[in-house]
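> Supplied in structure tokens, the structure appears directly below.
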Amino acid sequence: MYIIYTLVSSLLYGVIASGQLLGFLGVYRLATAVLLAFLLAVLAASLFLREFRKIKVEHPLPSAPDEFPGWLQGVLFACGGILLIFLVALPMLRFPCSPIGRELTWDAGAYHFPKAVELYRSASAWDLSIPYGDYPFGYESLLAFGLLLTSNESLFGALHLLAGLYFCWAFWALLKRYTNLPSAFLFLLSCLVLTAGTAASAGNPVLISGYALTIGKNDFILGAALLGVLLHSPVGARPDSGSHAPGLAQGSFQPL
């Protein structure tokens, strides 16, 4: 599970960081963006895994209670995976042809999409004529990467899905850090938190899944990145509260 979290986090970091650096320099093109994103993702993953092994040795997690029987763990993991696939992944991967593509938020049309398109079109992040053009453009870098690969919006959902996976695994890892509950149960709980608003009727107070499925709105990735920052910060009174600098840097960089 930690390997999946590392891969998703590093991929997000590579794509967003390449957009930031190349957009600032005005050379955001397909070849340079893909190459730099790959190199940064590999570098981030290697640093992350090396330091994470070290901190797990220095600040080991407390002993977990007796795990559920193997068959029950498999059932819980399967239930969480089904929720994640059918209520989040499939609608996102089918965007803009899925129901979530029928409406867009006002800010997606006002500046999130225009900033992404301009970064793709001009290879630069210096067009300040767009509303909020002077704001950070981390999420827009994510969308612009999809435009580089396909020249259309077909990958917007897949790239937004990375934020959903990042949220799910960061939330799971936080629960693992601060509880002794079995991993399979915590995975199902994380998937329930991510999908509860989708599975329930309209007006449900759980809004996380609503934001998770809202293409063109960066609030969700900001919240997911905050979980990543908390996960790797020296927060808490437990003996495993050591900091993890690479993970903290990755989480802090995601929304920029």
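The values are calculated or read from the model by the stated rules, or taken from the named source; none is laboratory data. No experiment lies behind these values; they were computed from the predicted model shown. With ideal geometry, Cβ positions are generated from the backbone for all residues, glycine too; neighbour counts draw on all protein chains shown. Ligands, DNA and RNA are stripped out before the accessible areas are found, and what is left, the full protein with its side chains, is counted by its heavy atoms. Shrake-Rupley method; radii C 1.70, N 1.55, O 1.52, S 1.80 Å.
> Report the one residue of Y166, P91, C79 whose Cα lies farthest in the direction of the positive end of the charge dipole of the stretch 59-167 (charges on C-beta: Lys and Arg +1, Asp and Glu -1; origin at the Cα centre).
P91
> For the stretch 160-166, just list the computed ³J(HN,Hα) in residue order, Karplus coefficients 6.51, -1.76 and 1.60, θ = phi - 60°, integers in Hz, with x standing in for Gly and Pro.
5, 4, 4, 5, x, 5, 4
> Moving on to the next point. Whole number in Å², please: accessible area per residue of the stretch 121-191, 1.4 Å probe, ligands, DNA and RNA not counted. Please list the in-between numbers first.
Numbers: 2590 Å² over 71 residues.
Computed with neighbouring chains in place, this is 36 Å² per residue.
> Cα convex hull of the stretch 1-48: mean projected area in nm², to one decimal?
Values: hull surface 11.7 nm².
Dividing the Cα hull surface by four gives the mean projection, 2.9 nm².
> Let me cross-check Y2: its accessible surface, 1.4 Å probe, with only protein heavy atoms counted, in Å² to the nearest 10?
50
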